[in-house]
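These notes concern the structure reproduced below.
The values are calculated or read from the model by the stated rules, or taken from the named source; none is laboratory data. Because the structure is a prediction, the values reported are computed rather than measured. Don't worry about glycine lacking a Cβ; one is built from the backbone with ideal geometry, like all the others, and counts go over all protein chains shown. Areas reflect the complete protein model, heavy atoms only, side chains present, ligands, DNA and RNA absent. Shrake-Rupley method; radii C 1.70, N 1.55, O 1.52, S 1.80 Å.
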Amino acid sequence: MMRVLLPVLFLLFSFYGSAQTVVWSEDWSSCTYTGTNSSTLIQNCSNWAQITSTENQGTKWIAVRGTCNINGSSLGLGYGAETPVNSFTFFCGYSDAAPADNIVYHTNPITIPDTFGLVNFEFNWQGTGEQGFDYFKVVYSQDAVTWEELNGVEYTSSPAVSSESISISSLMGGDYYFGFQWINDEYIAGPGISIDDVQIVGLDGVFADFEVDSQIGCPGSTLQFTDASTGNVQSWDWSVSPSAGVTITNPTDQNPTITFANPGTYDITLTVTGANNSDTETKFQFIDIETSSLLPFVENFESGSFLTNNWSLESDGPDLWQIAAAGGNPGSGASAYVDHWFGTGARGDYNSMITPPLNMNPYDSVYLSF
């Protein structure tokens, strides 16, 4: 069976009830401020530095107190009234005077202990940017030179204070620099972003998680599940719902294989147990077993509908795939095409045209032509 692409939406459930320890924290209260309502360059905050593409104009990372802050004092964005800007003429927000790509980071590497079951990077933030164009990301580095995204999320707008928690358990046992990267174009200025109450938190105990080699299959497919739990796990217990037609090699194996005889969507649950606690995670609608068709699969779009042969259209925004007479096969001359004028979405949105499930098991060689 081959499926070109099928994004699967599933829900996660897990309960964290273990004691936590704050490994490191920052609230920007110890920066050097002048006056009650003031801002200051981030360089005036102990152990913080900025890598900036806008030396003399445009947006900078600053520390703020008394205005545009979340909790007394915060990390924020600012732009100056002078060139070059100084620490006393900043306005909260970001500027359209120049594009910006600035990283603010803690100049001392932070050791992530490997004695916890789970470690999270947490922070609060609030503000307004522009989706796809003006946003911040959380980044980390081993040398403060080469930076990577911590979770790949672009934080754009949150009118109310939002609390974020990112698992960094994969970094346990290492020393890392952490920071925030702000990016904006030069076309729109805005109110900007404030960040506060940053901390790295370690949680004791075991925490369930798992992966699978494929989330889709045909009836009769056997899928390999892999335990990705953290902490000192002593036992595992796997279950599937619905259970009819499901065969688990051994429900107490750490990494079992599971065979699905019937089409449908399935919830997968893993419970892990350690010396002091148990933790359960359920991924709802995690596995999709679909009835497939034997080859050949032929499509000329002459019917004028994607539904005739059970195509699926997936997108982040409007579906841009259309069918029209545009030099296709003989007949009405129909073909599928992407209509960029049909709708607009954010930069980076995808539009996918997906075949129905195709069963290729009976064949030695399979070819795709178009």
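The set of residues in the range 37-54 that are open to solvent by 10 Å² or more (accessible area, probe 1.4 Å), at pLDDT below 90 and farther than 17 Å from Gln181 by Cα comprises Asn37, Ser38, Ser39, Asn44. Collect the residues in the range 328-345 that are at pLDDT below 75, open to solvent by 30 Å² or more (accessible area, probe 1.4 Å) and farther than 17 Å from Ser369 by Cα, keeping them in residue-number order. Once the filter is applied, which keeps residues that are at pLDDT below 75, open to solvent by 30 Å² or more (accessible area, probe 1.4 Å) and farther than 17 Å from Ser369 by Cα, the range 328-345 yields Gly331, Ser332, His340, Trp341, Phe342, Thr344, Gly345. Condition check for Ile248 on (1) under 26 Å from Ser214 (Cβ atoms); (2) at pLDDT 95 or above; (3) within 29 Å of the chain's Cα centre (by Cα); (4) buried (at least 16 other Cβ atoms within 10 Å of the Cβ): one failure, at (3).
Restricting Val272, Val366 to those that are at pLDDT 85 or above and either open to solvent by 80 Å² or more (accessible area, probe 1.4 Å) or touching an Asp or Glu at 6+ places or on another chain (Cβ under 8 Å) (or both) reduces the list to Val272. Selection within the range 1-30: residues that are modelled with pLDDT of 90 or more and of a type in the set (A, V, I, L, M, F, W, C). The member of this set that is least open to solvent (accessible area, probe 1.4 Å) is Trp28. Selection of strands (runs of 3 or more DSSP E) fully inside the range 67-119 by the criterion of at least 1 residues being open to solvent by 10 Å² or more (accessible area, probe 1.4 Å), modelled with pLDDT under 90 and closer than 20 Å to Val138 by Cβ returns nothing. Residues in the range 97-124 that are closer than 20 Å to Val153 by Cα and small (Gly, Ala, Ser): Ala100 alone.
Got a number for residues in the range 120-136 being open to solvent by less than 20 Å² (accessible area, probe 1.4 Å) and closer than 25 Å to Gly202 by Cα? Within the range 120-136, residues that are open to solvent by less than 20 Å² (accessible area, probe 1.4 Å) and closer than 25 Å to Gly202 by Cα number 5. Just one of the listed residues (Ile188, Ile193, Ile216) is in contact (Cβ under 8 Å) with a residue 40 or more places away in the chain, within 25 Å of the chain's Cα centre (by Cα) and open to solvent by 10 Å² or more (accessible area, probe 1.4 Å), namely Ile216.
If you check Glu122, Glu149, Glu211 for being of a type in the set (D, E, K, R) and within 30 Å of Ser293 (Cβ to Cβ), only one passes: Glu211.
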